[in-house]
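Working notes, beginning with the structure itself.
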Amino acid sequence: MKRRIGILTSGGDCPGLNACIRGVARASYSMFDAEIVGIQDGYSGLINGDFKEMNQSDFSGILTLGGTILGTRRTPFRNMRLIEDDHVDKVKAMKNTYKKAKLDCLVCLGGNGTHKTANLLSEEGLNVVGLPKTIDNDIWGTDVTFGFHTAVDIATDVIDRIHSTAASHGRCMVIEIMGNKAGWLTLYSGLAGGADVILLPEIPYNLKTVAKAIERRAEAGKDFSIIAVAEGAMTVEESRMKKRERAEFRTETHFHGIAARLAQELEEMIGIEARPVVPGHVQRGGTPSAYDRLLSTNFGVHAAKLIKDENYGQAVAMIGNTVGHNPLAAIAGKTKFVPEDAQAVKSARNMGISLGD
Ligand code: F6P
């Protein structure tokens with residue numbers, strides 16, 4: 001049995017992409033007669049016909065490598081059916097490349113946007129398998145995504161290191177953690193790093209409540225505080241705005257990001273010295289943790305099994321400690337937000353950590 005497999009990585013990169021690509025490749029070569037075609041820079045390579053024949057040695061030595069050997073790009077799903085100035089029919093172009101490369105199937109490693117396009121291609125008749133990567137951990141139907149744990153480790157290390165300088169200066173340090181829509185990374189690293197205040201997009205905050213939490217610490221003799229704030233955290237007032245209005249407001253007021261805004265507001269409100277810290281893309285860089293290497297490998301091997309069984313139109317997932325899969329159609333377009341009753345939310349509240357609400 002022979003299978004010709006196209007692989008692409010799309011959206012923001014993260015640690016574990018190469019480990020996952022390697023898992024798909026190694027398991028495919030070992031389980032059946034596989035030929036692998038690497039598609040450059042995600043869907044943009046599929047649109048532009050930018051692909052290359054891979055061989056077994058291409059997948060050697062990449063287990064610990066950060067980023068992606070295939071390159072990646074953001075190609076927004078909302079534009080996929082849009083004919084833009086270049087007059088390219090993107091969906092038709094992707095189907096043509098699939099045909100030209102003589103693919104039996106396409107493996108798409110990516111986040112929510114990637115899975116929406118993967119589902120679109122599946123609906124268009126292509127054989128597609130999705131693999132859940134993102135440091136945001138917000139893909140529906142899977143308990144965890146690869147890349148997330150490494151990012152939690154990195155963000156936690158940032159918070160750990162901030163503690164000593166915050167304590168030395170008696171400052172309030174506001175650390176902006178990645179996550180525009182979902183707060184998993186901020187919640188987990190905030191809790192693991194011992195943050196005093198954790199602000200998530202899912203739980204709108206009140207500035208006065210945050211200020212009070214810091215003042216309470218000062219009253220208890222602690223003259224420094226650590227706030228872990230998600231990029232997408234918002235005030236109660238912002239949460240009541242319409243999406244577009246909020247976007248405009250945030251562009252005007254968050255020019256340097258939410259941490260800078262919050263640090264300034266807190267300085268003005270309670271007179272504490274505050275500093276913003278933005279680790280940014282460091283959170284997505286470097287070698288994957290052992291956990292993520294294992295997760296990516298298990299996910300990649302499962303994708304190869306789906307290909308062997310010609311069980312297409314699926315997204316690989318971790319479901320209750322077992323690697324499995326969900327139909328792409330069932331998960332595409334959904335986001336796994338932090339629920340109010342998440343264990344870590346309950347733990348934070350029970351420990352007296354302020355969530356700003
Ligand atoms: O989706 C991963 C992520 O790192 C988000 O946490 C963040 O909001 C976004 O990507 C940043 O995107 P970019 O790398 O395009 O600036």
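The values are calculated or read from the model by the stated rules, or taken from the named source; none is laboratory data. Note that the structure is a prediction, hence the values are computed from the model and not measured. Note that we place each Cβ from the backbone using ideal geometry, even for glycine, and neighbour counts take in every protein chain shown.
For the range 186-193, the criterion of being of a type in the set (Phe, Trp, Tyr), under 30 Å from residue 145 (Cα atoms) and part of a helix (DSSP H, G or I) is met by at least one residue.
If I ask for residues that are part of a strand (DSSP E or B) and not basic (Lys, Arg), which ones from the range 1-48 would you list? Passing the criteria: 5, 6, 7, 8, 9, 33, 34, 35, 36, 37, 38, 39. When the test is whether a residue is away from the ligand (no atom under 16 Å from the Cβ) and in contact with a strand residue (DSSP E or B) (Cβ under 8 Å, 6 or more places away or on another chain), residue 11 does not pass it. Among all positions in the range 251-258, there is at least one residue which is under 29 Å from residue 76 (Cα atoms), surrounded by 15 or more Cβ atoms within 10 Å (Cβ to Cβ) and among the aliphatic types (A, V, I, L, M). Those helices (runs of 4 or more DSSP H) of the range 285-357 in which at least 3 residues are among the hydrophobic types (A, V, I, L, M, F, W, C) and within 22 Å of the chain's Cα centre (by Cα), considering only elements entirely within it, cover 290-308, 328-331. Residue pairs whose Cβ atoms lie under 9 Å apart, separated by 6 or more positions or on different chains, with the first residue in the range 165-191 and without any contact (Cβ under 8 Å) to a residue 40 or more places away in the chain and more than 10 Å from the ligand (Cβ to nearest atom) and the second of a type in the set (Lys, Arg) and outside any strand (DSSP E or B), are 165/171. Looking across the range 20-37, the residues that are buried (at least 24 other Cβ atoms within 10 Å of the Cβ) and either touching a strand residue (DSSP E or B) at 6+ places or on another chain (Cβ under 8 Å) or among the hydrophobic types (A, V, I, L, M, F, W, C) (or both) come down to 20, 21, 24, 25, 28. Of the numbered criteria (1) exposed (fewer than 15 other Cβ atoms within 10 Å of the Cβ); (2) within 16 Å of the ligand (Cβ to nearest atom), the one residue 246 fails is (1). Do you know which residues across the range 69-85 are within 15 Å of residue 46 (Cα to Cα) and either touching an Asp or Glu at 6+ places or on another chain (Cβ under 7 Å) or assigned to a loop (DSSP other than H, G, I, E, B) (or both)? 70, 71, 72, 73, 74, 75, 76, 80, 81, listed by residue number.
Just a yes or no: is a residue in the range 58-68 in contact with an Asp or Glu (Cβ under 9 Å, 6 or more places away or on another chain) and under 19 Å from residue 129 (Cα atoms)? There is at least one residue in the range 58-68 that is in contact with an Asp or Glu (Cβ under 9 Å, 6 or more places away or on another chain) and under 19 Å from residue 129 (Cα atoms).
Just to check your reading of the model, which residue among 131, 120 is at pLDDT 95 or above and within 16 Å of the ligand (Cβ to nearest atom)?
Numbers: 120 fails: within 16 Å of the ligand (Cβ to nearest atom).
Sole residue among the options that is at pLDDT 95 or above and within 16 Å of the ligand (Cβ to nearest atom): 131.
The sole residue among 251, 235 that is within 16 Å of the ligand (Cβ to nearest atom), among the polar types (S, T, N, Q) and over 20 Å from residue 136 (Cβ atoms) is 251.
When you look at residue 1, is it touching a Phe, Trp or Tyr at 6+ places or on another chain (Cβ under 6 Å) and surrounded by fewer than 19 Cβ atoms within 10 Å (Cβ to Cβ), yes or no? Criteria met by residue 1.
Residues of the range 261-278 that are in contact with an Asp or Glu (Cβ under 8 Å, 6 or more places away or on another chain) and either within 11 Å of residue 229 (Cα to Cα) or assigned to a strand (DSSP E or B) (or both): 274, 276, 277, 278. Note on the range 242-259: residues that are in contact (Cβ under 8 Å) with a residue 40 or more places away in the chain and part of a helix (DSSP H, G or I) amount to 2. Summed over the range 134-164, the residues that are among the charged types (D, E, K, R), under 23 Å from residue 260 (Cβ atoms) and within 13 Å of the ligand (Cβ to nearest atom) give a count of 1.
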